[in-house]
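Below is one structure, written out as structure tokens, with a few remarks after it.
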Amino acid sequence: MMHPETMSGGGQYNEHSTAQLSAAERAFPLLRQAAAEAPPTSDGLLTLADYGCSEGRNSLAPMRAAIEEIRRAHPVETPINVVHTDLPQNDFSSLFATVADDPGTYAGPDVFTGAVGQSFYQHILPPRSVSLGWSSIALHWLSAAPGPIDGIWYTDGTQAQRDQWSRQAGDDWARFLDARGLELLPGARLIIVVGSADASGNSGAESVMTTLRRIADDMAEAGRLPKTSLTPIPAWYRTAAEWQAPFPHSDFTLDHFDEVVLGDPIAEQNADGDRAQYARDVAEAIRVSFGPSLLAAIPREDRAAVEHELFTERLTAAIGEDAAVGFDWKLAIMVLTKTAAA
Ligand SMILES: C[S@@+](CC[C@H](N)C(=O)[O-])C[C@H]1O[C@@H](n2cnc3c(N)ncnc32)[C@H](O)[C@@H]1O
């Protein structure tokens, strides 16, 4: 079983993830509303859990928004505990430096920061301790690739392979909900914003991923890459039906489910239509998010050179030359409320 690698560290994910933030912003109004009504523990503490934080820059704005609302609804000195969670190999040093030093930080009086380096597919926070949960652009990562796939992206697989990956996606989603069901206080909300798929299962990244695969094949052909050295990315973009499948659920009600066509936020940020800049930005966004997983089996000493040739040179050039390659992302935005009974 191949477990996902985390995003590129050393500040690289922070630097190349403005598209993810613009996606997450779609859920801020729901986050604010949930924060205003977030239940404290019996001793008056409010814990905000951020599931899948990476290096933290994209967590600052949502946590700031939630804290603002909590401050409006509760006495000013109410202690607020922000807990960022990610996989153990995540660059938590960058996260803590970001929270400490970034001008957009949420840090302030009576706000405390902590972190957990464990998979969110496990129970990782004390029972009934979380007043508000947030997870942005993280739940498309599977706990592990359940088996091989003919290619690098989940849509490359045969029907049988896709069925197996889809079952894993269903099991993971169920495990995520069960774990959060233990952690959230009754009445607490969990806001999830995540990449999703259309009814046929496509995420909207397929043209970029097909280009990447073709380039990898070209590199293998030219002897620049051993044929089977790329590791399929253990991600699955669920359809609306897959997201909604566990409901009704014993721990949560699904109070809001919205599918949003996000389109291509990188193209939107590149309003003057500079194709070369667009190509660089797309290649970097793919490199920092998926590069570590894709290159996990490449010997460490060769990795930087392969990464540079694959993404910085070849993928950038290919996207620059072909105006048909780009994103058409979709999002699922959900609000779940922890039921009182369980
Ligand atoms: C694309 S980043 C999103 C970061 C940030 N929330 C944002 O909105 O930009 C996805 C994050 O989810 C994390 N992740 C993937 N699988 C995970 C798991 N099983 N448990 C915890 N975090 C996980 C990755 O390591 C990565 O940091």
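Where a number appears in this text, it was derived from the coordinates with a stated rule and is not lab data. A quick note: this is a predicted structure, and the numbers were derived from the prediction, not measured. As a convention, Cβ positions derive from the backbone with ideal geometry for all residues, glycine included, and neighbour counts pool all protein chains shown.
So if we plug the beta-carbon distance of A324 and H249 into 1/(1 + (r/R0)^6) with R0 = 35 Å, what FRET efficiency do we get, rounded to 0.05?
For R0 = 35 Å, the calculated efficiency reads 0.30.
Just to be sure I understand the model, the point goes 7 Å from the Cα along the line to the Cβ. What's the resulting H74 to D272 distance in nm?
Going from the H74 label point to the D272 one covers 4.6 nm.
Please say if segment 178-320 is rounded, prolate or oblate, where rounded means a/c under 1.5 for a ≥ b ≥ c the square roots of the C-alpha gyration tensor eigenvalues, and otherwise the choice is prolate for a/b larger than b/c and oblate otherwise?
The shape class here is prolate.
With each label point set 7 Å from Cα along the Cα-Cβ vector, what nm distance links S22 and D43?
A separation of 4.5 nm, rounded to one decimal place.
Take peptides 270-278, 39-47 and line them up by average Cβ neighbours within 10 Å, highest first, as a rough protection proxy. Mind dumping the intermediate values first?
On the way: 270-278: 12.7, 39-47: 15.4.
The peptides rank, most packed first, as 39-47, 270-278.
Order these peptides, 25-38, 128-141, 294-307, by their mean beta-carbon neighbour count within 10 angstrom, highest first.
Averaged packing, sorted descending, gives the order 128-141, 25-38, 294-307.
With charges set only on the Cβ (+1 for Lys and Arg, -1 for Asp and Glu), what does the dipole of segment 102-242 come to about its Cα centre, in debye to the nearest 20? Each step should come with its number before you reach the end.
Values: 11 positive and 15 negative charges, 38 e Å.
Roughly 180 debye, rounded to the nearest 20.
Would you calculate the convex hull of the Cα atoms in segment 113-211 and tell me its volume per residue in Å³? Intermediate values should be presented prior to the final figure.
Working: hull volume 12.3 nm³, N = 99.
Value for segment 113-211: 124 Å³ per residue.
What percent of all Cα-Cα pairs in segment 1-149 falls in each 10 Å bin, counting up from 0?
Each 10 Å bin holds this share of Cα pairs: 11, 42, 35, 11, 2, 0.
Give me the distance between the Cα centres of segment 54-69 and segment 201-244, rounded to whole Å.
Centre-to-centre (Cα) distance: 31 Å.
Please list the three semi-axes, largest first and in whole Å, of the ellipsoid equivalent to the chain, using sqrt of 5 times the eigenvalues of its alpha carbon gyration tensor.
Gyration-tensor ellipsoid for the chain: 34, 22, 18 Å.
Let me see the pair-distance distribution of segment 238-342: every alpha carbon pair, 5 Å bin width, integer percents in order.
2, 10, 15, 14, 11, 11, 11, 10, 8, 4, 2, 0
With +1 assigned to the C-beta of every Lys and Arg and -1 to the C-beta of every Asp and Glu, and no other charges, what is the dipole magnitude of segment 177-245 about the Cα centre in debye, to the nearest 20?
For segment 177-245, the charge dipole is close to 120 debye.
Just the number, please: percent antiparallel of the DSSP beta bridges in the chain, rounded to the nearest 5. Don't jump to the answer; show the numbers that get you there.
Values: 20 of 42 bridges.
Around 50 percent antiparallel, to the nearest 5.
If you wrap a convex hull around the alpha carbons of segment 257-313, what volume per residue comes out, as a whole number of Å³? Let's see the in-between values first.
On the way: hull volume 5.2 nm³, N = 57.
Output value, Cα hull per residue: 91 Å³.
Quote the charge dipole size of the chain about the Cα centre in Debye, to the nearest 20; the model charges only the Cβ of Lys and Arg (+1) and of Asp and Glu (-1).
Charge dipole, the chain, about its Cα centre: 660 debye, nearest 20.
From the C-alpha gyration tensor of segment 17-99, pull out the three semi-axes of the equivalent ellipsoid (sqrt of 5λ each), sorted largest to smallest, in whole Å. Working shown, then result.
On the way: eigenvalues 106, 52, 20 Å².
Semi-axes, largest first: 23, 16, 10 Å.
Segment 92-129 to segment 306-340: how many Å between their Cα centroids?
After rounding, the separation between the Cα centres reads 26 Å.
Which whole-number percentage describes the relative contact order of segment 1-88, with Cα contacts under 8 Å and a sequence gap of 6 or more?
In percent, rounded to a whole number, it is 37.
At 0.36 nm per residue, and after removing the present C-alpha to C-alpha distance, how many nm does the segment from T339 to A241 gain when stretched out fully?
33.1 nm
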